[in-house]
Amino acid sequence: MEPRGTKRRAEKLEVAEPRNKLAYSASSLPTEPALYSGPFPFYRRPSELGCFSLDAQRQYHGDARALRYYSPPPTNGPGPEFDLRDGYPDRYLPRDEEVREGLDHLLRWLLEHRGQLEGGPGWLAGAIVTWRGHLTKLLTTPYERQEGWQLAASRFQGTLYLSEVETPAARAQRLARPPLLRELMYMGYKFEQYMCADKPGGSPDPSGEVNTNVAFCSVLRSRLGNHPLLFSGEVDCTDPQAPSTQPPTCYVELKTSKEMYSPGQWRSFYRHKLLKWWAQSFLPGVPKVVAGFRNPEGFVCSLKTFPTMEMFEHVRNDRDGWNPSVCMNFCAAFLSFAQSTVVQDDSRLVHLFSWEPGGPVTVSVHRDAPYAFLPMWYVEAMTQDLPSVPKTPSPTE
């Protein structure tokens, strides 16, 4: 028989433990939604630090030249009739996906603006730098059933950098992408062409090429829990008629989806697709997604606006739905896990975080190629900046 009082003491010990019993010193991180169901964590309203553009040749420019302007069809006229198949494949220039860019474009922006970062000197040393798309994958992980991911992490001058690694399965899928899926990808870009103009108040011109090298990217600062974040994400367009012209609140995300005919189809859409739309737009503070619903012939015949902050309402009473708190709490837990796992400051050392649906996030350690992702030009330029030796002005300065 167990000694008196042992059970009571064990109960007391349990109460004293933090609500989510996760030891971040562990070598893996669980992903079950039930573990992350606490209150919504602190998330700082994202503020835009700057932007950059990639041109038709995928060349970097530190300005907004690639930004397009939201120009929807008039609401009083007949509904839209956008032929999303028009121009495929003869007016399509898809980006070369074999080129692995990593964080390079964002790092170039950071290098050019490191002196003017709000938060003062030292802010960057405590921050996490990554792409918005990588954070989106973290947010949706507790509910993801299909696709795993790998994130490479390196600490350099205090900053934690996170860069996605294409999994072998994702690479195989990309190389074997069926023609129908290629066309569906084109149709998403084509929709943007029908909805955007090159200047404010202009009209869309769908007669040109669809070139997916071109991109406008916003660079944002935020904070999740006690994790300062600096991330960048592609932005489809800005709305010149938005109530506030202050980015990111003037930005609009454009999406296409299959026309739906039954409550079951809508339910599935809310559970799966809307979760991804929410995560992608909530992180950078983009207030709305405008969706074009396409019929089986590839024509968009109706548009619907989904305000980001109202998306959760569609699944709030669905017991198989998703919860924003779970998404954000898991993301915060992952960032804590990564921060406490990647201790050594070394640009050539990589902790590879891997996840497959149904399992926990695991970690492996690598050095140099093929996983090291911080380019030499970046490391060297940042190292020359170090205030370890006070710089004495030369007579010419």
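The values are calculated or read from the model by the stated rules, or taken from the named source; none is laboratory data. Just so we're clear, the structure is a prediction, and the values are computed from it rather than from any experiment. Don't worry about glycine lacking a Cβ; one is built from the backbone with ideal geometry, like all the others, and counts go over all protein chains shown. Quick note on the areas: whole protein, heavy atoms, side chains included, nothing else; ligands and nucleic acids left out. Shrake-Rupley method; radii C 1.70, N 1.55, O 1.52, S 1.80 Å.
Per-residue 3J(HN,Hα) values for the range 233-244, derived from phi via the Karplus relation 6.51 cos²θ - 1.76 cosθ + 1.60 with θ = phi - 60°, read x, 5, 10, 5, 6, 10, 9, x, 9, 4, x, 10 Hz in sequence order (x marks Gly and Pro).
Within 9 Å, Cβ to Cβ, of Q150, how many net charges do the neighbouring residues add up to if Lys/Arg are +1 and Asp/Glu are -1? Please report the intermediate quantities before stating the final value.
Values: positive: none; negative: E164, E166.
That sum, taken over residues with Cβ under 9 Å, equals -2.
Expressed as a whole percent, the accessible area of the chain that falls on carbon and sulfur atoms is 53 (1.4 Å probe). If you take all other residues with their beta carbon under 13 Å from the beta carbon of Q193, and give Lys and Arg +1 and Asp and Glu -1, the sum is -3.
Between the listed residues P247, S53, S325, the Cα displaced farthest toward the positive end of the dipole of the chain, a dipole computed from Cβ unit charges relative to the Cα centre, is found at S325.
Of the listed residues C51, C327, C301, the order by accessible area with a 1.4 Å probe, largest first, is C301, C51, C327.
Largest GNM mean-square fluctuation across K137, K273, K255, computed for the chain with C-alpha springs under 10 Å, falls on K273. This model, with +1 at the C-beta of Lys and Arg and -1 at the C-beta of Asp and Glu, gives the chain a dipole about its Cα centre of some 1380 debye. In this rough spin-label picture, where each label sits 7 Å from Cα along the Cβ direction, the E166-A56 distance is 2.5 nm. For E209, no residue 5 or more places off, or on another chain, has a built amide H under 5 Å of its own. DSSP beta bridges confined to the range 247-394 are antiparallel in about 65 percent of cases. When the GluC sites (Glu not before Pro) in the range 294-380 are filtered for DSSP coil states and for at most 13 other beta-carbon atoms within 10 Å of their beta-carbon, the remaining sites are E297. Per residue, the accessible area of the range 243-346 comes to 44 Å², computed with a 1.4 Å probe over protein heavy atoms only. Between S28, S218, S340, the GNM of the chain built on Cα springs shorter than 10 angstrom shows S340 fluctuating the most.
Only beta bridges with both residues in the chain are counted; by DSSP, about 75 percent of them are antiparallel. Under a 10 Å cutoff between Cα atoms, tell me which one of V129, V365, V290 has the largest fluctuation in the Gaussian network model of the chain. Checking each option, the largest mean-square fluctuation is seen for V365.
For every other residue with a beta carbon closer than 14 angstrom to the beta carbon of G79, add +1 if it is Lys or Arg and -1 if Asp or Glu, then tell me the sum. For residues surrounding G79, the net value is -1. Dimensions of the chain along the principal axes, based on C-alpha atoms and rounded to the nearest Å, stand at 78, 77, 44, largest first. Rounded to whole numbers, the Karplus 3J(HN,Hα) couplings from phi for the range 283-297 are 3, x, x, 7, x, 8, 10, 9, 9, x, 9, 9, 7, x, 7 Hz, using 6.51 cos²θ - 1.76 cosθ + 1.60 with θ = phi - 60°, and x at Gly and Pro. Compute the whole-percent fraction of alpha carbon pairs in the range 231-372 spaced more than 23 Å apart. More than 23 Å apart: 53 percent of the Cα pairs in the range 231-372. Dipole orientation for the chain: of the candidates Q157, F282, F334, F334 has the Cα lying most toward the positive pole (charges on Cβ; Lys, Arg +1; Asp, Glu -1).
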